[in-house]
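Participant: So that we are looking at the same thing, I have put the structure below in structure tokens.
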């Protein structure tokens with residue numbers, strides 16, 4: 001008698017789920033490493049732009065290092081399978097902070113230069129808001145798709 005092995009349908013769904021989580025993580029890794037590199041490669045410009053923000057002026061010196069370092073650390077967390085969940089929560093937190101900052105700029109400030117580097121610096125504040133909201137949604141999706149810890 002011939003034996004056929006079929007994989008359980010939930011195993012296929014688990015692979016698809018993990019693949020989607022991986023894609024979300026890679027999107028964040030690419031975003032954060034690109035943004036951090038752009039900020040660090042033109043550090044003086046980044047620090048100057050932060051110092052012009054009415055919200056961040058007093059913290060410009062610290063934030064000019066803290067933001068790119070946080071972006072790099074979160075990218076590392078997302079690369080390590082044991083820390084993916086923590087990395088997704090950290091990405092959600094950072095993107096939520098960035099989004100709150102953009103909302104504040106749009107509502108309370110005028111003509112504030114964007115402190116993002118590279119291609120992202122060419123976006124308007126409203127485009128940044130849409131971009132950030134999309135990444136917040138990606139982080140939430142990745143978190144919700146994480147497998148439940150086994151008891």
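Every number here is computed from the coordinates shown, using simple stated rules; none is lab data. These figures come from a predicted structure and were not determined experimentally. As a convention, Cβ positions derive from the backbone with ideal geometry for all residues, glycine included, and neighbour counts pool all protein chains shown.
Participant: Please provide three numbers in whole Å: the alpha-carbon extents of the chain along the principal axes, with the largest listed first.
Facilitator: Cα extents, longest axis first: 77, 31, 27 Å.
Participant: Given the -39500 (n - 2.57) contribution per DSSP H run of 4+ residues, what per-residue ellipticity at 222 nm results for the chain, rounded to the nearest 500 deg cm²/dmol?
Facilitator: -25000 deg cm²/dmol
Participant: Note down the nm distance, to one decimal, between modelled labels 7 Å out along Cα→Cβ at residue 66 and at residue 41.
Facilitator: Placing both labels 7 Å along Cα→Cβ, they lie 2.6 nm apart.
Participant: Right, something else. Compute a Gaussian network model of the chain, connecting alpha carbons closer than 10 Å, and tell me which residue from 96, 19, 51 fluctuates the most.
Facilitator: Result: 19 has the largest fluctuation of those listed.
Participant: Which angle between 0 and 90 degrees, to the nearest 10, do you get for helix 84-108 versus the longest principal axis of the chain when only C-alpha atoms count?
Facilitator: 30
Participant: What translational diffusion coefficient, in µm²/s and rounded to a whole number, does the Stokes-Einstein relation yield for region 16-104 at 10 °C and a viscosity of 1.306 mPa s, taking the hydrodynamic radius as the Kirkwood radius over Cα pairs?
Facilitator: Estimated diffusion coefficient is 115 µm²/s.
Participant: Let me ask something else about it. Computed FRET efficiency, Cβ-Cβ of residue 108 and residue 16, R0 30 Å: what is it to the nearest 0.05?
Facilitator: In this case the efficiency is close to 0.10.
Participant: Now, a different point. Cα axis of helix 125-145 to longest principal axis of the chain: angle in degrees, 0 to 90, nearest 10?
Facilitator: 30
Participant: Right, here's the next one. Report the label-to-label distance for residue 100 and residue 145 in nanometres (one decimal), using points 7 Å from each Cα along the Cα→Cβ vector.
Facilitator: Taking the two extended label points, one gets 2.7 nm.
Participant: How far is helix 9-41 tilted, in degrees, relative to the longest principal axis of the Cα atoms in the chain, given as a value from 0 to 90 rounded to the nearest 10?
Facilitator: So the helix axis and the longest Cα principal axis differ by about 20 degrees.
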